[in-house]
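Some notes on the structure that comes next.
The values are calculated or read from the model by the stated rules, or taken from the named source; none is laboratory data. Nothing here was measured: the structure is a model prediction, and the numbers come from that model. Don't worry about glycine lacking a Cβ; one is built from the backbone with ideal geometry, like all the others, and counts go over all protein chains shown. SASA here: full protein model, heavy atoms, side chains in, ligands and nucleic acids out. Shrake-Rupley method; radii C 1.70, N 1.55, O 1.52, S 1.80 Å.
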Amino acid sequence: MKAIWHDTILAESSDTKFLDENHYFPPDSLNSEFFQLSDTHSTAPGKGKASYFHIQVGENKNRNAAWFYPHPEEGAQPVSYTHLRAHETVLDL
């Protein structure tokens, strides 16, 4: 699966995890040059505290467009994968 935004591959993996109708990409599948850590956090029951990334491709910035759980609650999955918001990012199956 590929995550594409502004004709740029943000992530690519055959090992995504599908949870709560969201695809999560393994950390090593992200093209890190396009990801900037955000100060935004949220909490999801059963998952834990989420941290966010902004995505920047050229002059185009998608704020808080990806999130991950650096310290997920016990039993939560995926452990440290990153979700890219589908309504802003094209997921190519």
Starting from residues that are part of a strand (DSSP E or B), touching a His at 6+ places or on another chain (Cβ under 9 Å) and within 12 Å of residue 81 (Cβ to Cβ), keep the ones in the stretch 16-44 and report whichever is most open to solvent (accessible area, probe 1.4 Å).
-> 17
Collect the residues in the stretch 47-67 that are free of Cβ contacts under 8 Å to residues at least 40 places away in the same chain and of a type outside the set (Gly, Ala, Ser), keeping them in residue-number order.
-> 47, 49, 52, 53, 54, 56, 59, 61, 63, 64, 67
Can you tell me which residue in the stretch 67-79 is most open to solvent (accessible area, probe 1.4 Å), limited to those that are within 17 Å of residue 16 (Cβ to Cβ) and of a type outside the set (Gly, Ala, Ser)?
-> 77
Under 8 Å between Cβ atoms, at least 6 apart or on separate chains: pull out the pairs that start in the stretch 29-46 with a residue that is closer than 24 Å to residue 73 by Cα and end on any residue that is open to solvent by 90 Å² or more (accessible area, probe 1.4 Å) and at pLDDT 90 or above.
-> 29/12; 38/63; 41/49; 42/49; 43/49
Identify, please: which residue in the stretch 45-66 is in contact with a helix residue (DSSP H, G or I) (Cβ under 8 Å, 6 or more places away or on another chain) and hydrophobic (A, V, I, L, M, F, W, C) and is, among those, most open to solvent (accessible area, probe 1.4 Å)?
-> 57
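A quick yes/no check of all residues on (1) of a type outside the set (A, V, I, L, M, F, W, C); (2) assigned to a strand (DSSP E or B):
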| position | (1), (2) |
| --- | --- |
| 14 | yes, no |
| 46 | yes, no |
| 53 | no, yes |
| 62 | yes, yes |
| 65 | no, yes |
| 76 | no, no |
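Among 18, 53, which is among the aromatic types (Phe, Trp, Tyr) and modelled with pLDDT of 90 or more?
Testing whether each residue is among the aromatic types (Phe, Trp, Tyr) and modelled with pLDDT of 90 or more leaves just 53.
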Would you pick out the residues in the stretch 63-85 that are at pLDDT below 90 and more than 21 Å from residue 28 (Cβ to Cβ)?
-> 73, 74, 75
